[in-house]
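Chemist: This structure is in structure tokens; I'll ask about it shortly.
Bear in mind these aren't lab numbers, they're just calculated from the coordinates by the rules spelled out. Given the structure is predicted, the values throughout are model-derived calculations rather than measurements. Heads up, the Cβs are rebuilt from the backbone with ideal geometry, glycines too, and the neighbour counts pull from every protein chain shown.
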Amino acid sequence: MNTKLGVLLLGGMLVLAACGEEEAQPVGNEPVEEEMDMSEEQATDEEAVEEEAVEEEASEEEATEKESSEAQPVTDAAEAKKGEASPLLAKGEMTSFVFNEVGEFPIFCAPHPVMKMTVIVQEGASTSGELALDIADYNFSEESITVAPGTIITWTNQDSAQHNVAFE
Ligand SMILES: [Cu+2]
């Protein structure tokens, strides 16, 4: 029995030595780590390829937009509706909502609920298209604004504090 054990141990040590490891590590851990490293590398490669493809598409779109007009069209505006909210905006960041439904939209800032404004959507209102508003000094730049259906409003946070646009 002892001899067999000795042979097994010796065999194990030889395997470790053959791996060329400077420090003998527990045999159990080593292959697991290697497998994880390999799958991480594969995942990173795939992600990189996908990101490259997306970047190429984006730059092609940008080029087309620049040719057609100077202003950047707002394409990512979410529909304004009850319970909707933008992410928190850092200084200089913006968020857009499209107001398709006629009615009143009470808006507040989730971190500072005292910050409020109202968007009134009315058929035939003189303000339509795209509208830029600011969030500055813990206030929305308009207390109340009336717009036509389909208007896209973009809010830009001018404060160092984070604000957002949330619908009651
Ligand atoms: Cu706020």
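Chemist: How many nm separate the modelled label positions at VAL102 and ASP137, each set 7 Å beyond the Cα in the direction of the Cβ?
Modeler: The modelled label-to-label distance comes out at 3.7 nm.
Chemist: Where Lys and Arg each count +1 and Asp and Glu each count -1, what net charge lies around ALA132 among other residues with Cβ under 14 Å from its Cβ?
Modeler: My count for the surroundings of ALA132 gives -4.
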